[in-house]
Number of protein chains: 2
Amino acid sequence: MRLTEKKLTSILRQRGYRLTPQRRAVLKVIALSSDHLTPAAIYERVRRKHPGIGLVTIYRTLAVLAELGLICEVHAGGSCRSYLMRKPPGHHHHLICSQCGRVVDFSDCDLGGLEQRLARENGFKIEGHLLEFLGLCPACQKSAQA
Amino acid sequence: MRLTEKKLTSILRQRGYRLTPQRRAVLKVIALSSDHLTPAAIYERVRRKHPGIGLVTIYRTLAVLAELGLICEVHAGGSCRSYLMRKPPGHHHHLICSQCGRVVDFSDCDLGGLEQRLARENGFKIEGHLLEFLGLCPACQKSAQA
DNA sequence: CAGGTAAGTGAAAAACGTTTTCATCTACAC
DNA sequence: GTGTAGATGAAAACGTTTTTCACTTACCTG
């Protein structure tokens, strides 16, 4: 499902939000990057085409886009700052390079059995989970050998 | 393995650190709590017995204890602030109540197969993973019904 | 068990990242 | 076009974490 202008407007409108040039620009920057980006990095990139935009607007826009499920957060490894990246389909997870920060998505985590067992043993009603693998990507493995 | 005074000193000394009353107090507070605690919460509790301690020392001590593997961080749900809690044995994960923040540990995650597949498919050398389940604990399920 | 020294401490201030406030502006239903 | 709820940008407030620096102390040496 491509995200046409019209569809985007309707997704926003459904919840009482509007499609502004700023929001379009933020979403575009995130969509065009294959990496996760900090709010500051997004700010910098959006400003190249949109010099007047304020960092505040970035934060507000990220909150809205995340609420609508159009983007999602990454807790990259040790550094706890929440990065953001484009979300392909529904439920998914991350494989993160601990050196260069590159992120790969994967979606089939097969945690259903574990989830059921934990729910039963602890009485929890489980709503979701966060799964991230940390390691070295192929490129960083090579450069580490040198 | 109980953490005797002597053993603790030796763990610290091995890396050039010293065992100060402040460090002992911080570790004790974390060890005695069954919950995860923010740096500020730890500060408050340590101050009850140790009024002169500074928040700076808490942060420095937490960094040292985490580096030594005596404590570990939790990325509780949406809020990304790194909480801390005592670490039982080695590898373990968290089951977090999204309402009251209660944390339950579990250790058998059985992710070996997935890890191998991801490593093979993406060329990553996987070093570790973060797995957290979010949900409602029994108490919060009850209070939600009211 | 004293003495010297590298390591640790506490206070204040700086440096962050993020949120709030408020006056102004604008997307969009009519 | 017009009105208005919603959005924006600048400045300031905020809370958390880090840095700096003078002073103190744990602990190795003899």
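Once you have the Kirkwood Rh of the stretch B:33-78 from its Cα pairs, apply Stokes-Einstein at 37 °C and 0.692 mPa s and quote D in µm²/s. The estimated diffusion coefficient comes to 287 µm²/s. A point 7 Å from Cα along Cα→Cβ stands in for A:ASP35, and the other copies hold the same point at 3.9 nm, listed in rising order. Shown for A:ARG48: label points 7 Å from Cα along the beta-carbon vector, and their distances to the equivalent points in the other copies, 5.4 nm in ascending order.
With its label point defined 7 Å out from Cα along the Cα-to-Cβ axis, B:LEU8 lies at 5.6 nm from the matching points of the other copies, in increasing order. Applying 1/(1 + (r/R0)^6) with r as the Cβ-Cβ distance of A:ARG48 and B:LEU68 and R0 = 41 angstrom yields a FRET efficiency of 0.40. Dividing the Cα radius of gyration of the stretch B:91-146 by 2.2 N^0.38 Å, with N the residue count, gives 1.55. For A:LYS49, the aspartates and glutamates whose Cα comes closer than 20 Å to its Cα, not counting residues fewer than 8 places off in the same chain, are A:GLU5, A:ASP35. For the residue pairs B:LYS28/B:LYS142; A:LYS125/B:LYS125; B:LYS6/B:LYS28, alpha carbon separations beyond 24 Å are given by B:LYS28/B:LYS142; A:LYS125/B:LYS125.
The phi-based Karplus calculation (6.51 cos²θ - 1.76 cosθ + 1.60; θ = phi - 60°) puts the 3J(HN,Hα) values of the stretch A:106-112 at 8, 10, 8, 9, 6, 9, x Hz, whole numbers, x for Gly and Pro.
No lab work stands behind these numbers, since they all come straight from the coordinates. Computed from a predicted structure; not experimentally measured. Cβ coordinates were reconstructed from backbone atoms using ideal geometry, including for glycine residues, and neighbour counts include every protein chain displayed.
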